[in-house]
Amino acid sequence: MTIKLFKYALPTRFLGHPFKISSRFICADNNLDKLVDPQLKFPENEYFPQEEKRLKESSFSVQEFGFLQDSIFGSVSSKTETGKFPDDAFLVINAIRNGNDGFGERTEKALRLFREKLNPGLVVDVLRNIHNPELGVKFFKWAGRQIGYVHSESVYDALLDIIGCDVPEHFVHDIGKDDREVLGKLLNVLIRKCCRNGLWNSALQELGRLKDSGYKPSAATYNALLQVFLQVNRLETASLIYKEMSALNFKMDKHTINSFTRSLCKVGKWREALDLIEKEEFVPDTVIYTNMISGLCEGSFFEEAMNFLNLMRTISCIPNRVTYQVLLCALLNKRKLGRVKRVLNLMISEGCYPGQKIFNSLVHAYCRSGDYWYAYKLLKKMDGCGCQPGYVVYNILIGGICGNEELPSKDVLELAENVYSEMLTARLVLNKVNVVNFARCLCACGKYEDAFSIIKEMMSKGFVPDVSTYSKVIGFLCNASKVDKAFLLFQEMKRNGIVPDVYTYTILIDSFCKSGLIQQGRNWLNEMIQKGCTPNVVTYTAIIHAYLKQRKISDANELFESMLMQGCIPNVVTFTALIDGYCKAGHIEKACQIYARMKGSLDTPEVDLYFKVDLDGNKEPSVVTFGAMVDGLCKAHKVKEARDLLDVMLAEGCEPNHIVYDALIDGFCKVGKLDDAQEIFAKMSECGYSPSIYTYSSLIDRLFKDKRLDLAVKVLSKMLESSCPPNVVIYTEMVDGLCKVGKIDEAYKLMLMMEEKGCHPNVVTYTAMIDGFGKAGKVNKCLELIERMGNKGCAPNYITYSVAIKHCCAAGLLDEALQLLEEMKQISWPKHMASHLKVIEGFRREYLISLGILEDMSKNNFLPIIPVYRLLIDSYQRAGRLENAVELLKEISSSSSFPHLDKKMYSSLIECLSVSNKIDLAFELYVDMIKKGAVPELTDFVNLIKGLISMNKWENALELSESLYYMLHASKSTSIQLL
């Protein structure tokens, strides 16, 4: 493609948490200790002996938390030990440091004692712990002079670790002056070290220094140089190095020749690759042919790749499982599904069976193409290939059938039901997204009983229905405990001509409103009025409350007036609903005004609407009213006003219930006032209320935020003593808190223990643990946990995968990160905004903000998939794997879930491609950006021009510069005319 094509593609004009909590405790430690004093007695409630036994069996004993207490309390009083090393190395380092003569006679005299013990291992230990480059070099030189000792490569490597890869010239001079042969070996090791670290530019510079100093690179050095340049796709440079290497009669090792032939095949030079093998007198085997096939596939030379497969058989070089999987993956990526079938059949006929991940990808590809029957055939083949189908492949198949907006046909839905039955037999589970989608399809076909059966079965395996589930799937059900009977009875009543009474309508309206289906609730209200069934105050209150929570204040006021016109007098429940609704809608001042008017202490016209009629004493606040006010004030961080309201309640003889106390404790904990939380805790105990799970959760959360692990463990022990077994929320807070302070091992032990006691970790627990392992650098443990989740019936969600991908990228495991992305797209990719909102439930707001999720959702109102792609693209750029970065960018920019073009990603890649002499690919991105309606920046043109110049395409560079000049001139003229 010439520059002229791009010249006409140029645009015609150029356009240029609110409160800060102190880390210092507000209350003194001795006051806080009272909060968790083991001598503090709580009034005993009545309970059954059997229940007490069950609680004791399902909870941990205090002794079982010994590992936490020992670790946490031990860390308070003791300092962290420094790294240890062998005694001889310690003595050598002390002798060097205590000499105080700059490694003079006194130091050398002291070191004579260690001559007999001198060996490469001791020298390495000394170099890695001396922490002084000058002394390290002098010790290295001294050791090299000792009779019977010879430096090993590990010694050279340790020396470079202490002085750095950018070796100062005076060190080079000193070492060369002492022993030129040693210097030559050191520079060779330095080049190889630069290559291992991916510093190809530094490796070239050191190669020049090596030659300038009169030394020759070794065969190992040449092999290392070849590998690093092949890794960054600089085939031309690698070819020049190979010519120089061959001239010295050095041979490539097996790993290098594999890399070289693959790189040649990647650009279509497979004949040159075969010539290279022959020239190197290398006997080709399955491994090298597989690498060559992989290179041909990367370059989209599929015919040649198939020819190589046939060539292998003709020379009795049998393709293995890896060979076929390379072909399958490449064909899948390019959507060559017809060829995939042929290769798969050939593979299985020769006794090579795909792995589970390959089968998962195959099933996903055929589901996406609409060939569900072949996808199911593949699932059945897994057993015959010795590969047990797991939860991933079942979710892929059912999600592929039911996850589209268009409903599946009857026979395809029956296929999904058969797959679901097999999945249950295998004791596997659907994830949340697929439960909703599957049940939605069943409901659309009138299979209500089957839909509810799926939800009930998944609930028995740990699935918890949420608002989205109720609204999309079982919106006809009204009660969480008897939803099937309630709604089905309602339908049956209507079919039989029996008019439901006010109670039937009211419970349906209340349940649907609580699920967010207010309009359906309002329709039923209109229906019952039309049929002569008079709504009561509870019916109206349910809808008014729901309107207020959704900030539909005008609708709520209109319905309130309608209620008064119908002669329905509001009562204290109605006013409590008004207060609670306004609090949840963020209108705390209006809630306070209604409360004050109920008390008769304020006469403001702003709430006259609600007090038009004589209430006959029905406006005195109840304990529920006070509870709504206290909770609303605490959530608005007005804890002082909430505390004053508690005093009013006590003064008026209105006994606060545990809800009031819990709300106050949580409010004080949220703002860091633990001394006030202690006071409320004491009052709660004096009034006979035992702390609940909610109470302990608030305290533990605050203590972990303040990094008071010792007190958090005491609170947990108090829970156990009070026969209040922690639930999954408490355990998750503990696991998350321990991870955040770096106690990863203790967090993992706690997660295993909670599972042993029958409290199964949920997706938030696993995600917290995965994040903890990732921050500790244990990325392999992250990947193990994701696999463990599936085996334990807890499906990873979008947040889980995002966290794991982030840590894989940070650790340089880019292929693993990309594999996680593919798996996430197959089974946990939310297709709609509403379903995504449910996925993030249960995660803390601060945590979601750190992932960049809430910002994308609030600004753009689309699924926050960009942070994941942006991270992967940036990581591939840094690693020099620009083709992978380009593929990811094209994928996300063409996605319907991403309506806005990210120009920064395009510009960054265009710059990298131009610098790396991949100018054609850079121009492809430039054209793609323009086609999507974006206006390139001036820097994009500059980078393209620089790229053309670096490739000596001066004519094309001048043409592009000229086009840019005319474009800017035209833009300037247009601006002048407008003025």
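Hydrodynamic estimate: the Kirkwood radius of region 620-743 over Cα pairs, inserted into Stokes-Einstein at 25 °C and 0.890 mPa s, corresponds to D of 165 µm²/s. Within the accessible surface of region 318-427, defined with a 1.4 Å probe on protein heavy atoms only, the carbon and sulfur portion equals 50 percent.
Multiply the residue gap between Ser622 and Leu235 by 0.36 nm, knock off their C-alpha separation, and tell me the result in nm, one decimal place. Walk me through the numbers before you get to the answer.
Working: separation 387, 0.36 × 387 = 139.32 nm, distance 8.03 nm.
Using 0.36 nm per residue and subtracting the Cα-Cα distance, I get 131.3 nm.
Accessible area per residue for region 322-418 is 43 Å², calculated with a 1.4 Å probe on protein heavy atoms, without ligands, DNA or RNA. The C-alpha radius of gyration of region 192-291, expressed as a fraction of 2.2 N^0.38 Å, stands at 1.06. Other residues whose C-beta falls under 11 angstrom from the C-beta of Leu821 contribute a net charge of -4, scoring Lys and Arg +1 and Asp and Glu -1. With 25 Å as the limit on Cα-Cα distance, the pairs of Lys638/Lys718; Lys381/Lys890; Lys670/Lys714; Lys890/Lys918; Lys514/Lys673 that go past it are Lys638/Lys718; Lys381/Lys890; Lys514/Lys673.
Scaled against the 2.2 N^0.38 Å expected of a compact globular protein of N residues, the Cα radius of gyration of region 703-761 reads 1.06.
Element breakdown for region 96-226 at a 1.4 angstrom probe: carbon and sulfur atoms account for 48% of the accessible area.
Which pairs in the list Lys193/Lys953; Lys707/Lys778; Lys806/Lys932; Lys357/Lys380 are over 25 Å apart, alpha-carbon to alpha-carbon? Result: Lys193/Lys953; Lys806/Lys932 exceed 25 Å.
Peptide packing for 745-755, 524-534 was compared via the average number of neighbouring C-beta atoms within 10 Å per residue; ordered from the highest value, the list is 745-755, 524-534.
Accessible surface calculations at 1.4 Å, restricted to protein heavy atoms, place region 679-744 at 32 Å² per residue.
Principal axis analysis of the Cα atoms in region 177-240 yields extents of 39, 21, 18 Å, listed in decreasing size.
Each listed q (0.27, 0.32 Å⁻¹) maps to a log10 I(q)/I(0) for region 231-283, found by the Debye formula over equal Cα scatterers with no solvent: -1.25, -1.52.
Other residues with beta-carbon under 12 Å from the beta-carbon of Asn233 carry, at +1 per Lys or Arg and -1 per Asp or Glu, a net charge of +2.
The slack between Asn249 and Arg209, meaning 0.36 nm per residue of separation minus the straight C-alpha distance, is 12.2 nm.
In region 901-961, what percent of the accessible surface is made up of carbon and sulfur (1.4 Å probe, ligands and nucleic acids excluded)? If you can, show how the numbers build up before the last one.
Values: 1620 of 2870 Å².
Ligands and nucleic acids excluded, carbon and sulfur give 56 percent.
Can you tally the net charge around Leu346? Count Lys and Arg as +1, Asp and Glu as -1, for every other residue whose Cβ sits under 13 Å from the Cβ of Leu346. Mind dumping the intermediate values first?
Values: positive: Arg313, Arg321, Arg339, Lys341, Arg342; negative: Glu350.
After counting each charged neighbour, the total is +4.
Summary of the geometry: region 763-793 and region 86-146, compared by the centres of their Cα atoms, lie 44 Å apart.
The values are calculated or read from the model by the stated rules, or taken from the named source; none is laboratory data. Source: prediction; values computed, not measured. Every residue, glycine among them, receives a Cβ derived from its backbone with ideal geometry; neighbour counts consider all protein chains shown. These accessible areas exclude ligands, DNA and RNA; they are computed on the full protein's heavy atoms, side chains included. Shrake-Rupley method; radii C 1.70, N 1.55, O 1.52, S 1.80 Å.
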